[in-house]
Amino acid sequence: MQNIVISGSGLFTPSATISNEELVASFNQYVDLFNQHNAEQISAGQCDALEYSSCEFIEKASGIKSRHVLYKEGILDPAIMHPVFEKRDEATPPEMVEMALVAAKEAMEQANKTAADIDLIICAASNIQRPYPALSIELQQLLGVTGYAFDMNVACSSATFAISNAVNAIRGGTARVVLVVNPEFASPQVDYKNRDSHFIFGDVCTATIIEAQSSCNADNAFKILGMRLKTSFSNNIRCDIGYTEHCFAETDPKVAFFKQQGRKVFKELLPIVAEVIQAEMAALDISPDQLKRLWLHQANINMNVFAAKKILGRDPLPEEAPLVLDSYANTASAGSIIAFHKHKTGLNAGDKAVLCSFGAGYSVGCLLLERC
Ligand code: CO8
């Protein structure tokens with residue numbers, strides 16, 4: 001079977017940041033305004049008073065200290081509480097394509113590849129800004145890539161599932177070099193008025209180049225030794241907005257938002273993650289002590305430490321299971337790729353590593369890698 005490698009990676013990070021302190025201050029201002037405005041109903045027991053958010057809770061429960069966003073304006077205004085930005089016309093690429101272009105160029109440069117080398121682009125993300133024409137096809141045009149492109153969505157596992165699609169396309173002979181981009185423009189889907197989830201997400205875009213080892217001339221490539229994908233249906237992480245929404249007489253104003261039962265997700269998803277990674281390690285006869293790095297999905301620091309401990313059989317050193325949650329927050333499918341992109345140096349040829357995403361669906365995508 002043909003050896004396939006990840007030969008380059010790229011990252012676009014929006015310049016605007018929101019610290020926990022800023023986010024909590026604006027949320028608590030919103031709470032005060034809401035409670036004042038609804039004081040009569042609250043005292044009559046017809047409406048629940050809102051409670052304050054806290055930086056201590058956010059950092060302890062998630063490991064998040066700050067997040068990057070494309071549009072900061074509006075998010076922190078208690079009278080708005082969402083990003084404010086203009087709807088773009090047809091001649092202007094949407095934000096997700098714009099982000100992808102930057103990340104793609106870095107990944108192509110790392111992989112020593114030009115547009116002429118690429119014959120498939122997969123845009124894989126938790127939200128796709130429009131159903132069609134595919135964002136990836138617009139990106140294809142902007143990059144000047146011939147061949148084909150498509151969009152796909154497996155929520156937080158979009159990137160790893162897309163890489164597995166890339167591997168299959170190369171092995172199946174429908175592509176030679178594949179560009180995968182993961183533009184996660186999460187902030188418009190965050191309910192900044194909801195204490196349980198207002199702190200979770202940030203915006204970012206990652207990119208990877210996948211190709212046969214025989215065509216790779218990159219410095220820091222990783223061979224894909226094995227892939228294991230798993231899905232198992234759950235309603236515990238949902239978003240219900242869809243193209244049929246306008247047909248319904250009554251639409252829930254919160255329909256467009258991300259919602260989850262975080263505790264349940266934590267408890268139900270972790271065993272599946274451990275099972276998937278361990279099954280792939282067993283299939284490839286890789287022992288825990290051979291693993292030099294775990295680039296895990298970045299949703300929650302406690303979840304990552306728990307998963308790493310389960311896989312390694314001991315507490316992970318910080319450099320073994322790198323975290324980017326503190327400054328990026330949860331960036332859906334891009335999280336494990338950011339960890340990979342920022343912490344893929346320092347491994348020797350032959351060193352083994354795990355790249356694994358997990359999230360809504362439920363979905364788990366695990367790649368066993370080896371430094372070339
Ligand atoms: N400030 C203060 N207190 C709070 C806050 C807050 N902001 N929020 C909740 N609390 C309170 C709660 O009310 C609760 O109080 P009480 O005990 O009195 O009822 C207490 O704190 C504990 O609340 P939780 O049980 O909810 O807190 P947890 O310790 O479980 O932490 C987390 C919450 C951080 C959300 C945690 O459960 C978690 O991270 N779980 C894993 C979630 C996960 O991995 N989800 C995957 C989602 S990513 C994904 O799939 C991508 C989807 C698509 C992306 C879409 C882009 C937008």
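Nothing in this text is a laboratory measurement; each read-out follows from the coordinates by a stated rule. Just so you know, these numbers come straight off a predicted model, no measurement behind them. Please note: Cβ atoms are built from the backbone with ideal geometry, for glycine as well, and neighbour counts cover all protein chains shown.
Tell me, please, whether a residue that is under 23 Å from Pro94 (Cβ atoms), within 15 Å of the chain's Cα centre (by Cα) and not polar (S, T, N, Q) can be found in the stretch 160-172.
Scanning the stretch 160-172 turns up at least one residue that is under 23 Å from Pro94 (Cβ atoms), within 15 Å of the chain's Cα centre (by Cα) and not polar (S, T, N, Q).
So if I check each of Lys65, Lys87, Lys105, which one is touching a residue at least 40 places away in the same chain (Cβ under 8 Å) and away from the ligand (no atom under 16 Å from the Cβ)?
Lys105
Tell me, yes or no, whether the stretch 320-327 has at least one residue that is of a type in the set (Ser, Thr, Tyr), under 18 Å from the mean Cα position of the chain (by Cα) and within 16 Å of the ligand (Cβ to nearest atom).
No, that holds for no residue.
Looking at Phe233, Phe199, which is the one that is buried (at least 18 other Cβ atoms within 10 Å of the Cβ) and assigned to a loop (DSSP other than H, G, I, E, B)?
Phe199
For the stretch 267-281, which positions are surrounded by fewer than 16 Cβ atoms within 10 Å (Cβ to Cβ) and either within 9 Å of the ligand (Cβ to nearest atom) or closer than 22 Å to Cys239 by Cβ (or both)?
Of everything in the stretch 267-281, those that are surrounded by fewer than 16 Cβ atoms within 10 Å (Cβ to Cβ) and either within 9 Å of the ligand (Cβ to nearest atom) or closer than 22 Å to Cys239 by Cβ (or both) turn out to be Lys267, Glu268.
Just one of (1) surrounded by fewer than 18 Cβ atoms within 10 Å (Cβ to Cβ); (2) of a type in the set (D, E, K, R); (3) in a helix (DSSP H, G or I) trips up Glu73, so point out which.
(3)
Matching residues to (1) closer than 28 Å to Val167 by Cβ; (2) under 16 Å from the mean Cα position of the chain (by Cα):
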{"residue": "Leu225", "(1), (2)": "yes, no"}
{"residue": "Ile237", "(1), (2)": "yes, yes"}
{"residue": "Asp240", "(1), (2)": "no, no"}
{"residue": "Glu250", "(1), (2)": "no, no"}
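Out of everything in the stretch 144-159 that is surrounded by fewer than 21 Cβ atoms within 10 Å (Cβ to Cβ) and closer than 25 Å to Ser336 by Cα, what residue ends up being nearest to the chain's Cα centre (by Cα)?
Here the residue is Asn153.
Do we have any residue at all in the stretch 119-126 that's out of contact with any strand residue (DSSP E or B) (no Cβ under 7 Å at 6 or more places or on another chain) and more than 30 Å from Ile200 (Cα to Cα)?
Scanning the stretch 119-126 turns up no residue that is out of contact with any strand residue (DSSP E or B) (no Cβ under 7 Å at 6 or more places or on another chain) and more than 30 Å from Ile200 (Cα to Cα).
Counting only residues that are without any contact (Cβ under 8 Å) to a residue 24 or more places away in the chain and closer than 20 Å to Ser333 by Cβ, how many does the stretch 108-131 have?
Looking only at that region, the number is 0.
Select from the stretch 173-196 the residues that are more than 7 Å from the ligand (Cβ to nearest atom) and over 30 Å from Asn112 (Cβ atoms) and list them in ascending order.
Ser187, Pro188, Asp191, Tyr192, Lys193, Asn194
Report those strands (runs of 3 or more DSSP E) wholly inside the stretch 287-372 carrying at least 1 residues which are closer than 28 Å to Ile18 by Cα.
Fully inside the stretch 287-372 and qualifying: 291-296, 352-359.
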